[in-house]
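Worksheet for the structure shown next.
Here, each number is a calculation from the coordinates, and none is a lab measurement. Since we're looking at a predicted model, the values are computed, not measured. All Cβ positions, glycine included, derive from the backbone under ideal geometry; neighbour counts span all protein chains shown.
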Amino acid sequence: MKSKTILFRDPVVERVCDKFVTRSDVGYAKYGRTLHDERTGKHKDLGGYLNDIQEELMDAILYIQAAKEEFAETNPQPEAFRPPHPSDAKQMDLERAISTAQLDWDDKIAPV
């Protein structure tokens, strides 16, 4: 095993590096070899690595979705303004025409 002293200026970077070391230890305990041993010993080919990457990214998307749902449930937000989509224009024109016609009608029959 190799030892190295690193001076961290950023504690966030330090915590991430610590997690990498811990993750490596867990992987070694589980598989009995390092990623380097796996690669140089031809335990997995390029297709195997690409499959692993794909599976990890799919898991990451699921974790993101679950986290977003958890956040939304625990931090309800008012609905944000969203400008109308151009496909809504016909409906908006119709509603505006009806509203304008109603105002015109009301103006003509309203008592003074």
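Out of all the residues in segment 76-90, is one or more charged (D, E, K, R) and surrounded by 10 or more Cβ atoms within 10 Å (Cβ to Cβ)?
The answer is yes, given that some residue of segment 76-90 is charged (D, E, K, R) and surrounded by 10 or more Cβ atoms within 10 Å (Cβ to Cβ).
Going through segment 35-55 one residue at a time, which ones are loosely packed, with under 10 Cβ neighbours inside 10 Å and assigned to a helix (DSSP H, G or I)? First the steps, then the outcome.
As a first pass, look at segment 35-55 and keep what is loosely packed, with under 10 Cβ neighbours inside 10 Å: 36, 42, 46-47.
Across segment 35-55, the qualifying residues are HIS36, LEU46, GLY47.
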